[in-house]
1. For the range 95-112, state whether one or more residues are open to solvent by 10 Å² or more (accessible area, probe 1.4 Å), of a type in the set (Val, Ile, Thr), modelled with pLDDT under 95 and farther than 28 Å from ALA195 by Cβ.
2. For the range 52-69, state whether one or more residues are within 14 Å of the chain's Cα centre (by Cα) and within 21 Å of ILE145 (Cβ to Cβ).
3. How many of the residues in the range 109-146 are without any contact (Cβ under 8 Å) to a residue 60 or more places away in the chain and either in contact with a Ser or Thr (Cβ under 7 Å, 6 or more places away or on another chain) or closer than 16 Å to ILE80 by Cα (or both)?
4. Do you know which residues across the range 67-91 are touching a helix residue (DSSP H, G or I) at 6+ places or on another chain (Cβ under 9 Å), farther than 25 Å from GLU163 by Cα and among the hydrophobic types (A, V, I, L, M, F, W, C)?
5. Just the residues that are assigned to a strand (DSSP E or B), among the polar types (S, T, N, Q) and open to solvent by 40 Å² or more (accessible area, probe 1.4 Å), please, taken from the range 178-220.
6. Scan the range 1-49 residue by residue and report those that are open to solvent by less than 30 Å² (accessible area, probe 1.4 Å), touching a strand residue (DSSP E or B) at 6+ places or on another chain (Cβ under 8 Å), touching a residue at least 60 places away in the same chain (Cβ under 8 Å) and farther than 13 Å from LEU207 by Cα.
7. How many residues does the range 207-242 hold that are in contact (Cβ under 8 Å) with a residue 24 or more places away in the chain and either β-branched (Val, Ile, Thr) or within 23 Å of LYS19 (Cα to Cα) (or both)?
Amino acid sequence: VLVKFQDFLGQEAAIQKVKDAIQGDRIPHACLLTGPSGIGKLALAHAIAAYVNCQNPQGLESCGKCANCLRIKKGVHPDIHYVLPIIAKKEKGKQLMTDDYLPQFREAWVETPYLSLENWQQMLDGENKQLGISVHEIRNLKKKISLKAFEAPYKVVILWYAERINNQGANAFLKLLEEPPEKTILLMTCDDPGALLKTILSRCQQLPMGRIQRPLLQSYLQEHKGLSQEEAEDIAAVAEGS
């Protein structure tokens with residue numbers, strides 16, 4: 001799982017912006033990671049969460065080995081809060097929320113740091129169902145982050161696919177953006193910023209991420225997946241930088 005900046009494939013410009021913010025002590029309280037699916041937005045959100053909470057940072061890198069880094073790597077740190085697009089349903093009279101889906105998410109995320117919404121939807125057997133983020137999730141999140149951090153310097157919220165928040169949820173989230181609790185960082189990922197409320201966009205610092213260049217994908221497939229040059233060229237061409 002990618003928790004160190006040096007492990008990313010082809011996102012030098014975005015990572016340099018993060019490092020500049022770290023060096024200038026200007027880490028924004030709300031950051032929106034944007035760009036097409038499959039380029040590592042979710043993974044970079046985790047890498048930022050790991051760095052700001054690392055117990056033994058190595059310059060502008062997290063160590064990847066301390067208790068905080070290892071827990072973030074596994075998706076089990078108590079001060080990292082997730083908001084995920086899920087299938088809205090009730091079980092035994094209880095409204096299901098992100099916390100009910102976290103075991104499945106952790107399993108998927110550890111296996112595939114470049115996890116896409118389509119992968120997630122298939123995991124939930126929800127191909128024909130709409131995945132969304134409700135106002136109940138945002139209210140639940142507010143309660144969680146109003147408490148003090150358990151172990152880490154920062155509470156970090158990773159909100160995956162922010163464009164999936166419904167209207168009520170977006171308005172509730174806007175209030176959170178306007179008055180975030182102390183020592184809290186909100187990291188949102190989004191494929192389509194145009195689908196978000198303009199007021200949300202105006203309160204976030206956007207971090208654009210680009211498609212991964214074809215030669216990089218090709219060499220990665222050859223070196224790490226054992227593919228032949230021809231196979232790697234074919235797949236890199238079809239992938240279109242994702």
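1. Yes, the range 95-112 contains a residue that is open to solvent by 10 Å² or more (accessible area, probe 1.4 Å), of a type in the set (Val, Ile, Thr), modelled with pLDDT under 95 and farther than 28 Å from ALA195 by Cβ.
2. The answer is no; no qualifying residue exists.
3. Looking only at that region, the number is 7.
4. CYS69
5. Scanning the range 178-220 gives GLN205, GLN206.
6. Those that are open to solvent by less than 30 Å² (accessible area, probe 1.4 Å), touching a strand residue (DSSP E or B) at 6+ places or on another chain (Cβ under 8 Å), touching a residue at least 60 places away in the same chain (Cβ under 8 Å) and farther than 13 Å from LEU207 by Cα: HIS46, ALA49.
7. Final tally of qualifying residues: 8.
Conditions (1) part of a loop (DSSP other than H, G, I, E, B); (2) modelled with pLDDT under 95; (3) of a type in the set (Lys, Arg); (4) open to solvent by less than 60 Å² (accessible area, probe 1.4 Å), marked per residue:
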| residue | (1), (2), (3), (4) |
| --- | --- |
| LEU176 | no, yes, no, yes |
| GLN222 | no, no, no, no |
| ALA232 | no, no, no, yes |
| ILE235 | no, no, no, no |
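The values are calculated or read from the model by the stated rules, or taken from the named source; none is laboratory data. Here the structure is a predicted model, which means the values were calculated and not measured. All Cβ positions, glycine included, derive from the backbone under ideal geometry; neighbour counts span all protein chains shown. What goes into the accessible areas is simple: the full protein's heavy atoms, side chains included, and nothing from ligands, DNA or RNA. Shrake-Rupley method; radii C 1.70, N 1.55, O 1.52, S 1.80 Å.
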